[in-house]
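Report on one structure; see the data block that follows.
The values are calculated or read from the model by the stated rules, or taken from the named source; none is laboratory data. In this text, all values refer to a predicted model and were calculated from it rather than measured experimentally. Quick reminder, even Gly has a Cβ in these numbers, built from the backbone with ideal geometry, and neighbours come from all protein chains shown.
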Amino acid sequence: LKADIVLSPDFVVAPVRRRLFGSFVEHMGRCVYSGIHEPGHPTADEDGFRGDVLALTRELGVSLVRYPGGNFVSGYRWEDGVGPDRPVRRDLAWRGIETNAVGIDEFARWARKADAEVMYAVNLGTRGVAEALDVHEYMNHPGGTLLSDLRRANGTADPHGVRLWCLGNELDGPWQTGHKTAHEYGRLAAETARALRQAEPGLELVACGSSHSGMPTFGAWEATVLELTYDLVDHISCHAYYEPLDGDVDSFLASAVDMDHFIDSVVATADAVGARLRSDKRIGLSFDEWNVWYQSRFQADPPTEWRTAPRLIEDVYDVLDAVVVGNLLISLLRHSDRVAAACQAQLVNVIAPIRTEPGGPAWRQTTFHPFALTSRLARGQVLRTEVTSPVYPTARYGNVPVVDAVATHEPATGEVVVFAVNRHRIEPVELRATVPGATSVSEAWTVHDPDTSATNTRANPDRVVPRHQSAELSDDTLRTVLAPVSWTAIRLG
Ligand code: AHR
C-alpha cells in the first residue's frame, strides 16, 4: 500500500496548545492513594508524594491535570480535604471509603512539583453556587477573608491561582450523583459561572457537555446547556472512551474517526447556538476525558464492597491500544483550532499510562510512549495535513483511510514533525510526504511490535518501547514505511 501527505508551513490550523497534553487525577481506585501519594514509599518526598511517579509524570509531558473527579466530584466536600481534621467519608460513585488524606492543598503542591497546571472541577451534583464560591475563595482569594485565611493557616500563603474550572461532571448521566436535565443543569451552571466571574472575572469556565456521543440526549444537551450559558462560559466538555467491541479490532483502530466526528458535531452544535444568539463568540472544546478503556470488563465486575483505594479499572494496555492512543492525539491536534484543552483519563493506575505497585516500582504502560513523544515533539503550529490513503472496511465507520496523520511546524527553527498511524492489520504502507524546505531527518520513532498484544508489566516494564524508524529525505520528500498497526513520529530539520 502507498499513501501521500501534502503539507505546507503556510497552511496553519492553529497554534499547538500545551493544554492539549492534559491528564486527570480522580479520587478513584489507586490513582491518588498509592498512585501519586504514598508516604513511606522508598521514593516518597517530604509531602508523601511518590518521586518515581512525579518523574514519570514530567517525562510524560503532562501540562494540565483535572482534579478531583470525575464521578467522585459529584458528592465531594472539598472542606473535608483541608486542615488537620480529615473526616472519612463514603464515595458513592465508586463505593470508595475516602480518607481525605489528600485534598486540594496537597494536590496543588503535587501539581507544582509536576510542572502542571491544575484544572479544578466543582461539585454541581450534590452542591451548588455557594459551595463553588467557597472553594474558589479558599483556593484563589489572596487573604483577609475567612476561607482564604484558612488556607493560609493551613500552610499555603499564596493563592493557588487556578484559572480553569469545570462546572461539575457528566450531569447528563443517570449514574451521576445529582443527575440533572439539560435545563436544570444549564441554569445551575449559568448561575455558578456568573457568581465565579463576580469573584474573579478572568477565570476560564467549562460547562458539562455529554458524557459520550452515544448518550440519548447528545446534541440536544449541548444546545440547551449552551443556550443557557453561552455568554458565561468559555468551553464545553467532551468525554470519549474507546475499546474493541465484540472483538472488532478494525473499527477500534479507527477510533479517531469517531473522535473527529464527535468534535465536529459539538463544534457545529455550539456554533448553531452562537448563530441563533447572534454572537461572535466561539465556544472552545475541553476534551477533558479521553482514552482507551475496556469498560465492558468494568461493567461486568463493578465494585460491591466499600473499600479504600481498591484496584479499580487497572487496564493493562498493549501495542494496539498505544497505536489508538497515538491516533486520538492526532485527532486532537488536528482540531487545535477548537479543542482548547484535553485530559487523558487518568494518570496513574486507573486506565492510566503510569502503573505502580504499593511499596514497589512504577512503570510506563505502552500508551505512555505516544503521549510522551507527541507532547515533546509537537511544537509551534499545527499544519493542515492532506493525506491521500487507501481505505479499509470497518463495521462501525464504513471505509476509513488506512493512514491518518497530522504535522506541526515550529517557525522559529523551521522544524516540521509528522505524526502518522497505519491502521492496517497486515499491510505495511509506503508513506511519502512532501515537506517544503526540510533538509534532514532529526529523529524518527515508531511504536509497533509484530505482537500487537505485547504489554509492559512489572516483571518486564520495557517490553514495548519506541524504536527508531528508518526514514529518508531527499528533494523535500520524506520517505518511510509504516509497519502494520503502528504509530510513528518523525522530526525534520
Ligand atoms: O474516568 C473514569 C470515569 O469516567 C469518570 O469518573 C467519569 O467522569 C467518566 O464516566
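Taking the conditions (1) closer than 30 Å to Y392 by Cα; (2) away from the ligand (no atom under 15 Å from the Cβ); (3) surrounded by fewer than 24 Cβ atoms within 10 Å (Cβ to Cβ) in turn, S296 satisfies each one other than (2).
Residue by residue, here is whether (1) within 15 Å of R58 (Cα to Cα); (2) buried (at least 24 other Cβ atoms within 10 Å of the Cβ); (3) hydrophobic (A, V, I, L, M, F, W, C) holds:
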site: D321; (1), (2), (3): no, yes, no
site: N327; (1), (2), (3): no, yes, no
site: R334; (1), (2), (3): no, yes, no
site: V339; (1), (2), (3): no, yes, yes
site: Q344; (1), (2), (3): yes, yes, no
site: V348; (1), (2), (3): yes, yes, yes
site: E357; (1), (2), (3): no, no, no
site: W363; (1), (2), (3): yes, no, yes
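Apart from one condition, P68 fits all of (1) within 16 Å of the ligand (Cβ to nearest atom); (2) touching a residue at least 60 places away in the same chain (Cβ under 8 Å); the exception is (2).
Could you list, in sequence order, the residues of the stretch 192-202 that are within 27 Å of the chain's Cα centre (by Cα) and part of a helix (DSSP H, G or I)?
Across the stretch 192-202, the qualifying residues are T192, A193, R194, L196, R197.
Hey, any hits in the stretch 89-106 for a residue that's polar (S, T, N, Q), touching a helix residue (DSSP H, G or I) at 6+ places or on another chain (Cβ under 9 Å) and within 16 Å of the ligand (Cβ to nearest atom)? Checked against the condition, which is being polar (S, T, N, Q), touching a helix residue (DSSP H, G or I) at 6+ places or on another chain (Cβ under 9 Å) and within 16 Å of the ligand (Cβ to nearest atom), the stretch 89-106 yields no hits at all. Looking only at residues in the stretch 93-118 that are charged (D, E, K, R) and in a loop (DSSP other than H, G, I, E, B), the one that is surrounded by the most Cβ atoms within 10 Å (Cβ to Cβ) is R95. The residues of the stretch 301-333 that are within 16 Å of the ligand (Cβ to nearest atom) and part of a helix (DSSP H, G or I), listed by number, are D321, V325, L328. Residues that are over 30 Å from E184 (Cα atoms) and in the same structural domain as Y241 (by TED's automatic domain parsing) do occur in the stretch 117-135, at least one of them.
Conditions tested, residue by residue: (1) at positive phi; (2) touching a Cys at 6+ places or on another chain (Cβ under 7 Å); (3) surrounded by 14 or more Cβ atoms within 10 Å (Cβ to Cβ).
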residue	(1), (2), (3)
R423	no, no, yes
T439	no, no, no
A444	no, no, yes
A459	no, no, no
D475	yes, no, no
I490	no, no, yes
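Inside the stretch 334-345, residues that are more than 16 Å from the ligand (Cβ to nearest atom) and in a strand (DSSP E or B) make up a count of 2. The residues of the stretch 180-218 include none that are among the hydroxyl-bearing types (S, T, Y), within 27 Å of Y242 (Cβ to Cβ) and either away from the ligand (no atom under 16 Å from the Cβ) or outside the structural domain of G284 (by TED's automatic domain parsing) (or both).
Determine if the stretch 6-13 includes at least one residue that is within 16 Å of the ligand (Cβ to nearest atom) and either modelled with pLDDT under 95 or touching a Leu at 6+ places or on another chain (Cβ under 8 Å) (or both). Explain how you work it out, then say what you get.
Residues of the stretch 6-13 that are within 16 Å of the ligand (Cβ to nearest atom), as a first pass: none.
No: the stretch 6-13 contains no residue that is within 16 Å of the ligand (Cβ to nearest atom) and either modelled with pLDDT under 95 or touching a Leu at 6+ places or on another chain (Cβ under 8 Å) (or both).
Hey, any hits in the stretch 388-410 for a residue that's farther than 23 Å from D260 by Cβ, out of contact with any helix residue (DSSP H, G or I) (no Cβ under 8 Å at 6 or more places or on another chain) and touching a residue at least 12 places away in the same chain (Cβ under 8 Å)? Yes, the conditions are met somewhere in the stretch 388-410. Regarding T177, is this residue assigned to a loop (DSSP other than H, G, I, E, B), hydroxyl-bearing (S, T, Y) and within 16 Å of the ligand (Cβ to nearest atom)? Criteria met by T177.
Can you find even one residue in the stretch 57-69 that is at pLDDT 95 or above and surrounded by fewer than 18 Cβ atoms within 10 Å (Cβ to Cβ)?
Yes, the stretch 57-69 contains at least one residue that is at pLDDT 95 or above and surrounded by fewer than 18 Cβ atoms within 10 Å (Cβ to Cβ).
All conditions in (1) touching a His at 6+ places or on another chain (Cβ under 9 Å); (2) within 15 Å of A132 (Cα to Cα); (3) small (G, A, S) hold for A189, with the sole exception of (1). Looking at the stretch 479-489, can you tell me whether even one residue there is part of a loop (DSSP other than H, G, I, E, B) and more than 18 Å from V387 (Cα to Cα)? No; the residues of the stretch 479-489 include none that is part of a loop (DSSP other than H, G, I, E, B) and more than 18 Å from V387 (Cα to Cα). Only one entry in V16, V25, V53, V6 is in contact with a Ser or Thr (Cβ under 7 Å, 6 or more places away or on another chain), under 21 Å from G360 (Cβ atoms), hydrophobic (A, V, I, L, M, F, W, C) and in contact (Cβ under 8 Å) with a residue 24 or more places away in the chain, namely V53. In this structure, does V32 turn out to be out of contact with any Gly (no Cβ under 7 Å at 6 or more places or on another chain), of a type in the set (A, V, I, L, M, F, W, C) and over 26 Å from F287 (Cβ atoms)? In short, no.
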